[in-house]
Amino acid sequence: MPPFRDDQILIIAPGSETTLAQLGLPESFTPARYRLRSRMFQAEQEGEYEPVKIRRKEKPASAPTAPVNGITDGEQPKPETNGEPEWEEDRISEDGAIWPIREGKIVDWQCFYALMTHVYNTVNPPFHTPIILIAEPVWTTKEHERVTQFFFQKFKVPAFTMVDSAMAASYAYGITTATVVDVGLGKADITCIADSTLYDVGRSLAVPECGGDAMTGRLEELLTGRKGFTREVCEQLKKSNVCEILPPDLEVPTSDSATADAPANPAAAASTGAGARKLSNVGDLPRGPGPGTQVGQEKKLEDDEGVLDIASIVAGGNMSGYLAQKDHEKAEKAAAKQQKKGSDAQQLAANKPVRQPNHKRTRNTFLYEDFALHDAMKKAGMSSQHMADMQSAMDEGPNKRQKTPEPQSAVSDRPADSGFTVQPHDGTAATDASPTGGLRREIEVGPERFEAASGKDGEPGILERIADAIHRTVQSCPDVNRRNELWESMIIVGNGAKVRGFKEALVETLQRKYIISPSSATIFTSELPSNLSTPMATGANTPQPGQLPGQQLPHTSSGVNPLLIAATHAQNPGLQPPPTSSALTLPQHSAHSSHAQSPTSIKLAKIPEYFPEWKEVGYDEATFLGAQVAARVLFVSDAGASKGFMTRTDYNEQGPGGIHEVYL
Amino acid sequence: MASAALAPTQAPKDEYAGDEINALVLDPGSYTTRAGFAGEDTPKSVVPTHYGVLASGEHVYGENAIHLPRGDMELVNAYGADGLVEDWDTAAKLWEYSITSRLTGARQTPPSRNGLNDTKDGNGDVNMDESMEQLQEEQDRALAEYPLLMSEPGWNPQKAREKTIEIAMEEWGVPAFFLAKNGQLAAYANGKATALVVDVGHHNTSVTALWEGMVLRKSLMKSPLAGSFLNAQIRQMFSTLQPPAPLIPHYMVKSKAPVDAGAPSNAIYTRFATPPKESFRKLEEDRVLTSFKESVVQCWQGPGRLENNMDSVKYAPPRPFEMPDGWNQVFGVERYKVAEGFFDARSAYPLPPDSDLEAPKGEDTIPSLIHRSLNACDVDTRAHLLANVILTGAGSLIEKLPERLQADLQSLYPNPRVRVIASSNSVERKYGAWIGGSVLGSLGTFHQMWVSREEYKEYGPGIVEKRCK
């Protein structure tokens, strides 16, 4: 068999929400080129699946097949006969989709196979292409065999291997000992790897309700009282950069603090109508003085929370009236803007400094793309032309974009449209806020946006759950002496952890709950951490137990440590050790580190930043990077010398069970 | 060694054999249930035997479920204090969970059709349809594909053994089955066929004498001085400290601040709308105790008893321990004293009157168990057995416990060569019986010993008494 080349390797990373794939390894590794939604649609026939939703056309006669604003109505059959039902592809809607992977588990095998086939066909690799698949940790031994069987028999691949996602993450970081925390959509996996050995015992697999979905759910729960905050709105809120998880010691801004910041620029507040801001219009951006009537008009159509119930407008047939109003409004806005530019340029400048960091503001806005509405309109049988009109009328996106920091670009990973998204030009498929068929609106949200990780009255929130699972996992690592090392090289990956401030908050939570501080009772014995110098008589050099858990490095302080004095006065005479010579005590403790208990410190591992493209988008999908590293090593450098993958010959000899010998 | 356990009078009928049989090994215990494929070095699936019963009556299994604090969950264990199954229905479900969750995958309702190959793609060299159909059939019964080797405590009564094979054959539909005593398996893990196996578990410590692969039934001794006894001792020690140590489990603490040794803790506690049940708290406290056992507790290594060596212990450096709420203290003599009950019942902390454990009796200590077990064996075998004392079980991982046992046995039996074999690898000791099963299940010669489905159908559950000695 000829050796494999860099450009011949196909990497697939199936996920609960997004499946990543890439053909070929570039010289410098890049993020996955293909990002496909991990879902398929039931085809007409039972057991067959389509990558895009095919819907029956409601009004065949009136709809011209024109490309509409970025949406192409695929291969649409021409209306010929009246009896023949007509179908069209809907690239946007995900109504009725089947998601074959839930919480990492493959729940619908046929659909999973169909998805893999779809990925394979989309990438369309040449014949001599080995495949490396990133396996979810929760897949069982038996399931590995099924997947292997499928790949060999369906695609006739020349070689195949699977790598565990936690292992892959550690490759990306280039470290052999790590605690990998993978926060996904519906679950989190926590894995200990010591010396490149993955510990199955005690591994926390698919910890439920610890993924991004749980945070969306929590936001939805918090915002239930407020009309219009559907799950989809909450999902986009979570992905926007106004949603943030604050460190526990930072106060969530209340309305008090918000009013406190108002006087900072009274002129701006007055002119932009601070009152209007409190009334929560469509965004708290200054409207400019003048059109006070506009507010009143809007009230009719928009509810108090600033969310339009457009669906009901569509259904109510009030569309044209609404559109007219919107147009009028836009014109007025433009006028106001003009006016502002002319007369109030100075004030505009004054407005700028008011913009405060997100965490200091009570309310903030984000851009919402309404896909449900698109769906509703299609269902209502609206013509494409009509929809395009509506879209341009209501799309606030581009208009606002100049003024607001673009909330979408930072975190959005929604592919531009459904199935076939490939953007070969820029290499990554991470989309910008190009028109994607959804209608964009600004929505304002209050301090709830900081509470995504909180728990429902007293129940543990996602951070506490994950923290407990991490503690459980590391503490059940059979090698007691490695635990401290494991605590000091934590890897947090997964798109669930992408929410602003999540990683920091998680580390903070761990530190507050679990860190073991140096005991004040043992500073005179050999239990001193080895990285600290011998205590001086003044106590200036002693480890300070009073350090805050948030501080990672042991600090030294000048002056006599009051805790030292406390420690020298025996509180428990029976327990207090008589001074012993260190010569006597040291040998006995050579096997034990300073503190037999762990963790004494908790740190995140640093990722080597070799790859500029990866650095740009962040390392949340580092597992994919790890798979690229593994692919190059296994298929190209090693080329099968140490049996890092399974060839077709191996498969014919050993059957699917052979995967266990090469599985990483 | 394996053939020794086969009844020589009866030729196995329809023996289950074949190349490369991938057997499942299940080693159920009262604290954790271990499962994995034969031939691997550690069990892939280790599931706590405790399970949660929700207010709705639903049972939840696995680490993720039972460690989540919730007000409506009661934690239950299907095992009784004697290390035997009490609730068979749940135990069977739990065992099945331990296998399906990590090894075979969950049961599926097979889709009526598989849409794998549409007709256009039917020119492949392997007929996918057929093989997949076969797979589906196998999956109707979760475990129908693999033969199953299970372990049992040596004192398992006949009724329980028959019930076990019934579950395996009828409920799970395994093609072949074997039941082995865990003492036997632990000896195989150490490559011995003649040994005296001392297994310190959670609820029970047992001693089993093994002669050329055969368990000497009379020699079987067990006592309740095991892991849970040590937990009780540590609890008792904490409560007798002045002031008592606060045993607050992690879930109750939101954050802690460092405090001086012995000073009251300075922590923010979690508030629950409905606090979790007492059984949950106890299990979570056990997690803290486990950490205490790992980092602080130590046996006096001998020679002699702790009470005669207090001076040397007093001058050893104490070890600090920090509770989840930040309270911390150093433990000097105490850390030795809690484990002394294993060897000297009189030195143990007296248990509180409401404890569900009985006060330790002198005959229950590990050295007396061994003594009693040896007395029940033939005189000629004793020297051999004493030269091969295998120490296994997670409870034996207490620091210096093997040294102490060696010292105590040496003083008890001054003449023969006494050797305590304890693997220095904690995994090997923790999962000793499972590893032995893994070894046994992957031996080619073992395959003639399986009780096959056909045999079971012919002879009924009684065959387990005949075949699995």
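The values are calculated or read from the model by the stated rules, or taken from the named source; none is laboratory data. These numbers come from a predicted model, not from an experiment. So basically every Cβ, Gly included, is an ideal-geometry build from the backbone, and we count neighbours across all protein chains shown. Please note that ligands, DNA and RNA were not included when accessible areas were found on the heavy atoms of the full protein model with its side chains. Shrake-Rupley method; radii C 1.70, N 1.55, O 1.52, S 1.80 Å.
Surface analysis of chain B yields an accessible area of 40 Å² per residue, using protein heavy atoms and a 1.4 Å probe. About the centre of its Cα atoms, region B:385-469 shows a dipole size close to 80 debye [charges on the beta carbon of Lys, Arg (+1) and Asp, Glu (-1) only; nearest 20 debye]. Over every Cα atom in region B:337-469, the radius of gyration and the widest Cα-Cα span, Dmax, amount to 19.4, 56 Å. In region B:249-270, the residues that give up 50 Å² or more of accessible area when the other protein chains are added, compared with the chain on its own (1.4 Å probe), are B:250, B:256, B:258, B:260, B:261.
For region B:30-44, a drop of 40 Å² or more in accessible area on going from the chain alone to the assembled protein chains (1.4 Å probe) is found at B:44. Relative to the current alpha-carbon distance between residue B:424 and residue B:214, full extension at 0.36 nm per residue lengthens the span by 73.0 nm. By a 1.4 Å probe calculation restricted to protein chains, residue A:33 has an accessible surface near 80 Å², given to the nearest 10.
Between region B:263-291 and region B:319-360, the C-alpha centres lie 19 angstrom from each other. Using the empirical formula 2.2 N^0.38 Å as the baseline, the Cα radius of gyration of region B:263-399 reaches a ratio of 1.34. Computed over region A:136-237, the P(r) curve from all C-alpha pair distances, binned at 10 Å from the origin, holds 13, 30, 27, 21, 8, 1 percent per bin.
Shown for region A:458-476: residues covered by the partner protein chains by 50 Å² or more of accessible area relative to the chain by itself (probe radius 1.4 Å), namely A:458, A:472. Extending 7 Å from the Cα toward the beta-carbon at both residue A:641 and residue B:357 defines two label points whose distance is 5.6 nm. Legend: Rg and Dmax of region B:17-98, from Cα coordinates, 14.5, 51 Å.
Between the helical axis of B:401-412 and the longest alpha-carbon principal axis of chain B there is an angle of about 80 degrees. Just to confirm the number: angle between the C-alpha axis of helix B:366-375 and the first principal axis of chain B, 0 to 90 degrees, nearest 10? Result, in degrees: 60. Based on DSSP H segments of at least four residues, each scored -39500 (n - 2.57), chain B has a per-residue ellipticity at 222 nm of -9000 deg cm²/dmol. Give me the percent of accessible area attributable to carbon and sulfur for region B:62-102, probe 1.4 angstrom. Heavy-atom surface of region B:62-102 belonging to carbon and sulfur, 1.4 Å probe: 47 percent.
To the nearest 10 degrees, how steep is helix B:227-240 against the longest Cα principal axis of chain B, on a 0 to 90 scale? The two axes meet at around 30 degrees.
What pairs from B:254/B:282; A:154/A:187; A:513/B:314 go past 23 Å between their alpha carbons? Beyond 23 Å between Cα atoms: A:154/A:187; A:513/B:314.
Solvent-accessible surface (1.4 Å probe) assigned to residue B:300 amounts to roughly 30 Å².
Pairs from the table (A:456/B:277; A:606/B:400; B:44/B:293) lying more than 27 angstrom apart at Cα are A:606/B:400.
To the nearest 0.05, how large is the calculated FRET efficiency for residue A:44 and residue B:274 if R₀ is 45 Å and r is the Cβ-Cβ distance? Efficiency, from the Cβ-Cβ distance: 0.35. Normalise the Debye intensity by I(0) for region A:92-166, one equal point scatterer per Cα, no solvent, then take log10 at q = 0.11, 0.14, 0.23, 0.26 Å⁻¹ and round to two decimals. For region A:92-166 at q = 0.11, 0.14, 0.23, 0.26 Å⁻¹, log10 I(q)/I(0) is -0.30, -0.48, -1.19, -1.40.
Per residue, the convex hull spanned by the Cα atoms of chain B amounts to 181 cubic angstrom. Set against the 2.2 N^0.38 Å expectation for a compact globular protein, region B:423-469 has a Cα radius of gyration ratio of 1.54. The A-B contact accounts for approximately 6000 Å² of buried accessible area, totalled over both chains at a 1.4 Å probe radius. Dividing the convex hull volume of the alpha-carbon atoms in region B:174-309 by its residue count gives 217 Å³ per residue.
Checking the a/c ratio against 1.5 first, then a/b against b/c, what shape does the Cα gyration tensor give for region B:166-245? Oblate is the answer for region B:166-245, as a/c is 1.5 or above yet b/c matches or exceeds a/b. Note on residue B:89: accessible area is roughly 110 Å² with a 1.4 Å probe, heavy atoms of protein only.
Spin-label model, residue A:603/residue B:282: points 7 Å from Cα along the beta carbon direction are separated by 4.2 nm.
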